[in-house]
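Chemist: Below you'll find the structure I mean.
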Amino acid sequence: MASLSDIIGSLPSQPTWGPPTTTETTLHGIPYAPFSKGDKLGRMADWTSDGKDGGDRGGRGGGRQQYNQRFRDQVYGAGQGLQTVFNLEGVAGMGGEEGSFSLVDRSQVSRGRGFGGGRGGVFSRGGRGARGGVQGQRGGRGGTFQRVDQRGGGRGGYNDRGGRGGARGGRRFGWKDWDKPQRNREASVQPKDSWRVLDEIDFSRLSKLNLDTGEGEDMDDYGFLYYYDRAYDKQPGAPTSAKKLQVLDRAAYNVTTSHDPIIQSMAEKDEATVFATDNILSMLMCAPRSLYSWDLVMIKEAGKIYIDKREGSSLDMVTVNENAAEPPLELSEGNKDTINSPGPLKEEATHINNVFPSQVVVESESSQHTMSNDHPFYNAAEETDPPASKAYRYRRFDLSLDADTEPLHLIVRTELDAVSKNNISGEDQFLVLKALNEFDSKAQGSGGALNWREKLATQRGAVVATEMKNNSCKLARWTTQAILAKADLMKLGFVSRAHPKSTTEHVILGVLGYKPREFAAQMNLNLNNGWAIVRTFVDLVMREEDGKYVMVKDPNKNLIRLYHVPRDTFEEEEDEGMGMGGLQEDGDEA
């Protein structure tokens, strides 16, 4: 009988343990596909399930049918390797047709009534149903998923449209947004075939820019200011604080950049390279907050750039609830409430902001603050109405960069509306007066606004916060204008309709005052970003030849297009060869 050592010695020698090594990377013409360590072995069959997550509708026969539905494609190595095999070029037998191959998703689509709805929904965290669960999974503007409580109610979450998720029984903003038709707004101006696109800039790119220009410097000031009536600073919402809004005939002006004689004079003296007004400049600086379409005109001539606007521009109109989760519907979108559609609401808000500043000041010839120069646009020999309280400050800002060989300055014409005495120092404080308007808290497009008559006195913080959300662009522009003018205070009036169904009579419910920079911090408004946006478009035009350029905000996308247009665009009659110095100098009365 052979010994154990003889048996071991008779075995074939093996230099290493395991299968023999090879450098061959193909298996029968198919390239080797490395498997992913994240792949998992699926279950062949699950006979323990009760059939609620799959199977037939009666809940029986869940085992094998669940396997077919849920685990059929969970094959080991299918996560990455299979996809890699068919994406490689030169696969044997496939030639150049590998691009026509695609994997088929065999998973079942949930038949619930909505995302996160029903019992044990896909996105819920358990409990007795998730009726208050994740809303609008397709996502909206900056939304986050909402945590689901064990009782099925949402706690403190935010839905996809920015609305606050309520508890059980509360309204859920953004509910079924996936089922709503896409809004197709019209552009503020229709591009023509003769317009040439120079660039398209997305808001996401603009939001990342930053440029520090400092506080700016005063160049000159014009006009006069009446003192603010402190009687309007009473407790908002109180019965004695409500006053009827009156229409006073006062001469007010809305002169564009190229028609301003003071700007023309500064351009001739080479005081700056870029010129604009605060109304125009604020729209460009707050562009990422805008949803409605708007347009600006940029004229380059003799090395100078004038940021202008066309006649009848939408920049002269005050929007209402532009940034609301559900803004007012257009008439073409099925809105039968004519007075609460965007167009009439803009006209109503613009009218209120034209007459409000004249009512909340004390008109007294003996008690007024006079600026260094007379009113630049008012002509007593031609006007029949007295001038409105208005002062114009021309201020210069430095847009230069470290890499610039020559300084780049911008002069902007800013506006002030009133003046008031400081309670401590007794010095005059300059004010900017604006008005928010309430049309109907129960109408479509109100944006979940509270009833001002009931809540302004007790919940003013909630009222202002709602307005910040629904009118983010408008309030950002007003705050930017106040900071550009170096105003000490910004007074916001709360004006409501005397009757919700009538736009002819309004009531001033109260006035609240804010310091512009503190208000900007509450709104997360960054002026350095706005200055960088201005510098971006100035650089684009600076590289081009002299001519006219138009910026148009896309009505349905978050981007701005810059066009090079013929010089006679938007001009009904223009003399050949007319320069900036030859433009009319008389102001356009508002």
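We did not get these values from a lab; they are worked out from the coordinates using the rules stated. Since the structure is predicted, the reported quantities are computational estimates derived from the model, not experimental observations. Positions of Cβ are generated from backbone atoms using ideal geometry, with glycine treated the same way; all protein chains shown enter the neighbour counts.
Chemist: Below 8 Å, C-alpha to C-alpha, sequence gap of six or more: please give me the relative contact order for region 436-510 in percent. Walk me through the numbers before you get to the answer.
Modeler: On the way: 64 pairs, mean separation 25.6, N = 75.
Over region 436-510, the number comes to 34 percent.
Chemist: Direction-averaged shadow area of the convex hull around the Cα atoms of region 372-461, nm²?
Modeler: 13.5
Chemist: Subtract the Cα-Cα distance of Ala465 and Asp229 from 0.36 nm times their separation in residues, and report this length gain in nm to one decimal.
Modeler: That works out to 82.4 nm of additional length.
Chemist: Additional query: Order the peptides 207-219, 409-421 from the highest to the lowest mean number of other Cβ atoms within 10 Å of their residues.
Modeler: Working: 207-219: 13.5, 409-421: 23.0.
My ranking of the peptides, most packed first, is 409-421, 207-219.
Chemist: Could you list, in their original order, any pairs among Lys304/Lys474; Lys269/Lys491; Lys304/Lys491; Lys234/Lys346; Lys243/Lys309; Lys234/Lys501 whose Cα atoms are separated by more than 32 Å?
Modeler: Lys269/Lys491; Lys304/Lys491; Lys243/Lys309
Chemist: If you take the Cα atoms of region 199-287, find Rg, then find the Kirkwood Rh from the mean of 1/r over all pairs, what is Rg/Rh?
Modeler: We get a ratio of 1.09 for region 199-287.
Chemist: Taking the Cα centre of region 389-438 as origin, work out the dipole magnitude from +1 charges on Lys and Arg Cβ and -1 charges on Asp and Glu Cβ, in debye rounded to 20.
Modeler: Rounded to the nearest 20 debye, it is 300 debye.
Chemist: Find how much the distance from Asp212 to Asp270 grows on full extension, using 0.36 nm per residue of separation minus their present alpha carbon separation; answer in nm with one decimal.
Modeler: Fully extending the segment from Asp212 to Asp270 adds 18.6 nm.
Chemist: Fewest to most neighbouring Cβ within 10 Å: what's the order for Asp220, Asp249?
Modeler: Ascending number of Cβ neighbours within 10 Å: Asp249, Asp220.
Chemist: Next question, about the same structure. Put one equal scatterer on each alpha carbon of region 196-567, apply the Debye formula with no solvent term, and list log10 I(q)/I(0) at q = 0.15 1/Å to two decimals.
Modeler: Calculated log10 I(q)/I(0) at the listed q: -1.46.
Chemist: Label points 7 Å out from Cα along the Cβ direction at Glu365 and Asp316: separation in nm?
Modeler: Between Glu365 and Asp316, the simple spin-label model gives 3.1 nm.
Chemist: What's the FRET efficiency of Asn558 with Glu454 using the Cβ-Cβ distance as r and R₀ = 51 Å, to the nearest 0.05?
Modeler: That gives a FRET efficiency of 0.90.
Chemist: In addition: Based only on other Cβ atoms within 10 Å, what is the fewest-to-most ordering of Lys269, Lys469, Lys309, Lys557?
Modeler: Ascending Cβ contact count within 10 Å gives the list Lys269, Lys557, Lys469, Lys309.
Chemist: Next question. Give the long-range amide H neighbours of Val320: residues separated by 5 or more places, or on another chain, with amide H under 5 Å away, using H modelled in the peptide plane at 1.01 Å from N.
Modeler: none
Chemist: Using +1 at the C-beta of Lys and Arg and -1 at the C-beta of Asp and Glu, which of Pro387, Ser420, Phe377 has the Cα lying farthest in the positive direction of the dipole of region 370-420?
Modeler: The one lying farthest along the dipole's positive direction is Ser420.
Chemist: Please compute the length gained on full extension between Glu347 and Arg196, using 0.36 nm multiplied by the number of residues separating them and subtracting their Cα-Cα distance. Spell out each step's value before the answer.
Modeler: Values: separation 151, 0.36 × 151 = 54.36 nm, distance 3.26 nm.
Residue separation times 0.36 nm, minus the Cα-Cα distance, leaves 51.1 nm.
Chemist: Fewest to most neighbouring Cβ within 10 Å: what's the order for Ser10, Ser441, Ser313?
Modeler: Ascending Cβ contact count within 10 Å gives the list Ser10, Ser441, Ser313.
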